[in-house]
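Each remark here refers to the structure printed beneath this line.
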Amino acid sequence: MASNAQPTIPLVLIGVTRQVALSTSAILAGTPYYAVAALDKTESPPPYQFSSQNLGVVLHTLHPRPQGVVTGSAVSQEIMDAVQKAWEEYSTGVLEKEGVTGKWIKLSDWYAAENQPPPPGLEKELMRRLDEAFK
């Protein structure tokens, strides 16, 4: 990956805390990926915290359209189920109709530790998965 790559693939980041979700955006610096939104379950005011409905609003209203969702290693199965519902509706109902292949990167598939800090090696695993999905 070139260090001067221009951001071209918009992503929505979902984490238990906003701080961790936003820290992921620093990992993306200098890559073709960039965060267009970050949703969390604990730090934002309750009406704006992660929910399937809030994710749906984010996915359908942002421009450019998000091409991927990244869920952190500490998100609960409840959040994963809600992401799946919103992501499937958006990716099949919007992206596929526009000829775009979207991807959901589930870091909990690599390291599941509900409500724990991100593990060592997360940055490399995230980049490996993004590159595999989008290149």
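The values are calculated or read from the model by the stated rules, or taken from the named source; none is laboratory data. Because the structure is a prediction, the values reported are computed rather than measured. Note: ideal-geometry Cβ built from the backbone for every residue, glycine included; neighbour counts use all protein chains shown.
Before we move on, is residue 135 closer than 16 Å to residue 67 by Cβ, among the basic types (Lys, Arg), loosely packed, with under 15 Cβ neighbours inside 10 Å and modelled with pLDDT under 90?
Judged against the criteria, residue 135 is a match.
Would you say residue 100 is hydrophobic (A, V, I, L, M, F, W, C), exposed (fewer than 15 other Cβ atoms within 10 Å of the Cβ) and part of a loop (DSSP other than H, G, I, E, B)?
yes
Which condition from (1) farther than 21 Å from residue 132 by Cβ; (2) over 12 Å from the mean Cα position of the chain (by Cα); (3) surrounded by fewer than 19 Cβ atoms within 10 Å (Cβ to Cβ) is the one that residue 22 breaks?
(2)
Among the numbered criteria (1) assigned to a loop (DSSP other than H, G, I, E, B); (2) at pLDDT 90 or above; (3) among the polar types (S, T, N, Q); (4) farther than 14 Å from residue 134 by Cβ, which single criterion is violated by residue 31?
(4)
Could you list, in sequence order, the residues of the stretch 25-42 that are over 12 Å from the mean Cα position of the chain (by Cα) and buried (at least 16 other Cβ atoms within 10 Å of the Cβ)?
Taking the stretch 25-42 as the starting set, the residues that turn out to be over 12 Å from the mean Cα position of the chain (by Cα) are 26-27, 29-32, 41-42.
Within the stretch 25-42, 27, 31, 32, 41 meet the criteria.
Which of (1) crowded, with 16+ Cβ neighbours inside 10 Å; (2) farther than 21 Å from residue 27 by Cβ does residue 61 not meet, given it meets every other one?
(1)
Test residue 71 against the criterion of being of a type in the set (Val, Ile, Thr) and at pLDDT below 95, and give yes or no.
Answer is yes for this residue.
Which of the following residues is surrounded by fewer than 23 Cβ atoms within 10 Å (Cβ to Cβ), within 13 Å of residue 13 (Cα to Cα) and in contact with a Leu (Cβ under 7 Å, 6 or more places away or on another chain): 70, 83?
Within the list 70, 83, the selection yields 83.
Criterion first (within 15 Å of the chain's Cα centre (by Cα), within 23 Å of residue 121 (Cα to Cα) and of a type in the set (Gly, Ala, Ser)) does residue 72 satisfy it?
yes
Out of everything in the stretch 10-28 that is part of a helix (DSSP H, G or I) and of a type in the set (A, V, I, L, M, F, W, C), what residue ends up being farthest from residue 73 (Cα to Cα)?
Here the answer is 26.
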